[in-house]
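Each value in this text was obtained by applying a stated rule to the coordinates, not by laboratory testing. These numbers come from a predicted model, not from an experiment. Positions of Cβ are generated from backbone atoms using ideal geometry, with glycine treated the same way; all protein chains shown enter the neighbour counts.
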Amino acid sequence: MSCCADLPTSVAAGGRPAARDEISIASRDLGRDLHQVELAVPGVHCAGCIRAVETGLMQVSGIEDARVNLSTKRVSVTWCGERAPDILDALEKLGFPGHLTGSDDARKDPELGRLIRALAVAGFSAMNIMLLSVSVWSGADLATRDIFHWISAALALPALLYSGRIFFASAWSALRHGRTNMDVPISVGVCLAFGLSLYDTIHSGPHAYFDAATSLIFFLLIGRTLDHVMRERTRVAVRGLVQLAPRGATVLREDGRRDYVPIDEIEPGLHIALAAGDRIPVDGTISEGTSELDCTIATGETAPRRVETGSGVQAGMLNLSGPLTMVASKRADASFLAEMTRLMAAAEGGRARYRRLADRAAALYSPVVHATAALTFLGWMLAVGDWHTAITVAIAVLIITCPCALGLAVPIVQVMAARRLFENGVLVKDGSAIERIAEIDTAVFDKTGTLTLAQPRLVSKDASDPHDLAVASAIAGLSRHPLSRSIAADGAAAGIVLSDVVEHPGLGIEARVADSVYRLGRAEWALANGTLEPNLNTVLGRDGRLAGRFTFEIALRPRAVDAIDALRKAGLHVAMLSGDAPGPASEVAEALDIEDFAASLLPAEKVARLQTMAADGRKVLMVGDGINDAPALAAAYVSMAPSTAADIGRNAADFVFLRDGLEPIPTTLAIAHEAGRLVRQNFALAVGYNAIALPIAIAGLVTPLIAALAMSFSSILVVANALRLKSGELARRPVSTAKTRTGPRQVALEPAE
Amino acid sequence: MSSLLYLIPLALLLGAAALAAFMWSLRSGQYEDLDGAAERIFLEVDGDRAGGGSPETPGKSQ
């Protein structure tokens, strides 16, 4: 099954001995020796997949139950016993590679349930009251009208108390902090409408606004629930991405036992065993072994770093070639990762100060509306002198101006925008990010993993004998070194039997095929006379003689050139901040025509640069993926991360894009601009509607029928306008015009080291 | 007028019954996997497990 390829399935966790212990730690205890764990399975997409995964897993010994959730693309597995069965391996064999999901604390979302229940109650009340109101409007006789008003009051009360409290609570918390938001005029309007109607019902008056009050709550709750569903879907999708941070590590005890220990319980001084493919859990020093570490996620360096006894290592680096033993020097909460979290908390600036568009509108809107109502009351008191009439008209003003359309104007557009973004492979964390990204004037990129792919691209391979190439693929398939992965991904290695495979960290891999000894790696090691010939980087040597040579280049992300061009055409200043050495950084910058770039930056220096830009009044979009970018992502005005980013970076970013290419960035920008335009239109519609309705209300001519009609009509208009948000042509145009530029340009990769 | 005396309570009762049914379906987890529910009708087995049984109830062990 190879459809639904939206989510990356690389970085398989399977095959590592620690995987089973990791599952055990991630599981929840159900009692009676049963445990439950949730795994993301991005590959499921139909009934066939569901059955394959469920029945396949049930046959694994130790698994009691397996249940696929297709909406979230997860499988919930119940297992019994001491140690978890190897579920990841079983899934791999079934053809549906899976991985553990992010923190699985609040699996069910209580807020969504509350919103839907409130929506159901409000809907029930609004429908029934509307039904009764129709007969009142069409002239029911006096006794019937009074009975209907009383029934309506009884129906409206639970809607007001149960469903309305969502608005009351939010309005109250805003007022208590001396602010105002859209919920303040809503709450005031709804409560006054209910109070007045109740008074009129008791005194058998002709007009009651129970229908307006409840349908207002109902409409607004629809908008709010959709908004919540959108954010929840993003949260689930982001948590379902491959988690890069380890949950624990294999600790070597002094008596030789090996225990898998959760990461929080690792104390300084403990010895930790790291197999090839494990990530370093905490900061420490290597005490035994030689290997190479992939630092792309941690520091942004492209070239793997060679480590041996005594080398210091940071949490987040990936062990590539040989087994290592390290001594922990810090606890997890004092390690590199935790340091970044602290930097992030300190850096969070522009975002916290940002005020939502709807809140800014409310700050203007509610004083105007409340002042108008007060003036209306005074005017009628002076003109007529009757308390009841004056209050009735003033409250009618509040009801008719109650920002039903205004309350929907922003969230409904943002729900549509989030959906369009989702279709284009972009997840957005919340609506304010869509507002903020429309304002940016500068785009800052990280290099490694953001502009470039982590794996270099194989540009040429030549060997006199195709058999040698197949051998090279087979050998490369055994290693996790980025260059080996590129070779393995490129060729087929069917039917090659390797023996005596040894990986020499920093040099290459040696293996025996039939009676020849092959060496794949650095030329001076793989060839007997390797240093004689210049410009040889990675070669395949057979018994010391040259059998094949491989050339690599840094692979830019697909369509990076187009995307950067599109951003520039949109009037943005483009810059690059890299943690990598100046050499590779300047090459990438040159390939993308980025003049403003800096290399060898520490995480704090990236933050400092962003803060300088912010102080200059620039609104910066930061795009980054590494652990070292996380503080910068938090410091920027708005931020994006690829789905391959470190967990901490994905959590810090406002947007996460799921595709390999960089084209989601201009697409997001285009959709955000379109959304901003529709929001402004919606505001204009809502205000225009008020401008017409207000004089009628002030004149005292509003009846419940007019109020109900006006309110529904304006809400529907605003929703219909939001539905016009398109993703297709408008979003793609800037990219396609940029196609006229040069084809993909590449950079030759310096030999490792 | 007299017909209203039983028609209105009847209407409200029906509405309340619908509301209660919705609340029950929400609580029993029928909205947790809408895409999955749509696909599962194509599966032959699983008669007793249909309807999104909550993951808390272990399957085979009962």
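Highest mean packing comes first when the peptides A:94-100, A:668-674, A:169-175, A:649-655 are listed by Cβ atoms within 10 Å, giving A:649-655, A:668-674, A:94-100, A:169-175. Enumerate the amide H contacts of residue A:575 below 5 Å, restricted to partners 5 or more residues apart or on another chain; note that Pro and chain-start residues carry no placed amide H. Distant-sequence amide H within range of residue A:575: A:443, A:444, A:445. Look at the stretch B:31-42: the mean tally of other chain Cβ atoms within 10 Å of its residues' Cβ atoms is 5.
Tell me whether the stretch A:382-529 comes out rounded, prolate or oblate; compute the Cα gyration tensor, take square roots of the eigenvalues as a ≥ b ≥ c, and use a/c under 1.5 as the rounded threshold. Because a/c hits 1.5 or more and a/b exceeds b/c, the stretch A:382-529 counts as prolate.
As a rough guide to protection, the peptides B:15-28, A:411-424 ranked by mean Cβ packing within 10 Å, highest first, stand as A:411-424, B:15-28. Residue by residue along B:14-23, Cβ atoms of other protein chains within 10 Å of the local Cβ number 4 on average.
Placing R0 at 22 angstrom, the Cβ-Cβ distance between residue A:439 and residue A:726 gives a FRET efficiency of 0.55 after rounding to 0.05.
Adding -39500 (n - 2.57) for every DSSP H run of four residues or longer, then dividing by how many residues chain A holds, sets the calculated 222 nm ellipticity at -15000 deg cm²/dmol.
Which order results if A:49, A:191, A:402 are arranged by neighbouring Cβ count within 10 Å, fewest first?
On the way: A:49 22, A:191 17, A:402 26.
Ascending number of Cβ neighbours within 10 Å: A:191, A:49, A:402.
Exceedance of the 27 Å cut-off in Cα-Cα distance is limited, within the set A:93/A:461; A:330/A:619; A:330/A:447; A:569/A:726; A:429/A:606, to A:93/A:461; A:330/A:619; A:330/A:447. Axis of helix A:110-137 versus longest Cα principal axis of chain A: the two differ by about 30°, to the nearest ten degrees.
With contacts defined as alpha carbon pairs under 8 Å and 6 or more residues apart, what's the relative contact order of chain A in percent? Can you show the working numbers first?
Numbers: 1452 pairs, mean separation 99.8, N = 753.
Once divided by the residue count of chain A, the mean separation gives 13 percent.
As a proxy for reagent exposure, ranking A:344, A:640 by other Cβ atoms within 10 Å from fewest up yields A:344, A:640. Each principal axis of the Cα cloud of the protein assembly as shown was evaluated for its coordinate range; sorted largest first, these ranges are 108, 66, 49 Å. Counting only other chain Cβ atoms within 10 Å of each residue's Cβ, the peptide A:62-72 averages 5.
From the square roots a ≥ b ≥ c of the eigenvalues of the alpha-carbon gyration tensor of the stretch A:607-731, which class results: rounded (a/c under 1.5), prolate (a/b over b/c), or oblate? Cα axes put the stretch A:607-731 in the prolate bin. As a proxy for reagent exposure, ranking A:689, B:6, B:31 by other Cβ atoms within 10 Å from fewest up yields B:6, B:31, A:689.
Highest average first, the peptides A:264-270, A:366-372 ordered by how many other beta carbon atoms sit within 10 Å of their residues are A:366-372, A:264-270.
Computed from Cα atoms, the angle from the helix A:728-737 axis to the main principal axis of chain A rounds to 40 degrees.
Take the alpha carbon gyration tensor of the stretch A:457-554, find the square roots of its eigenvalues, order them as a ≥ b ≥ c, and report rounded if a/c is under 1.5; if not, report prolate when a/b exceeds b/c, else oblate. Display every interim value, and only then the final one.
Values: a/c = 1.33, a/b = 1.09, b/c = 1.22.
Note, shape of the stretch A:457-554 comes out rounded.
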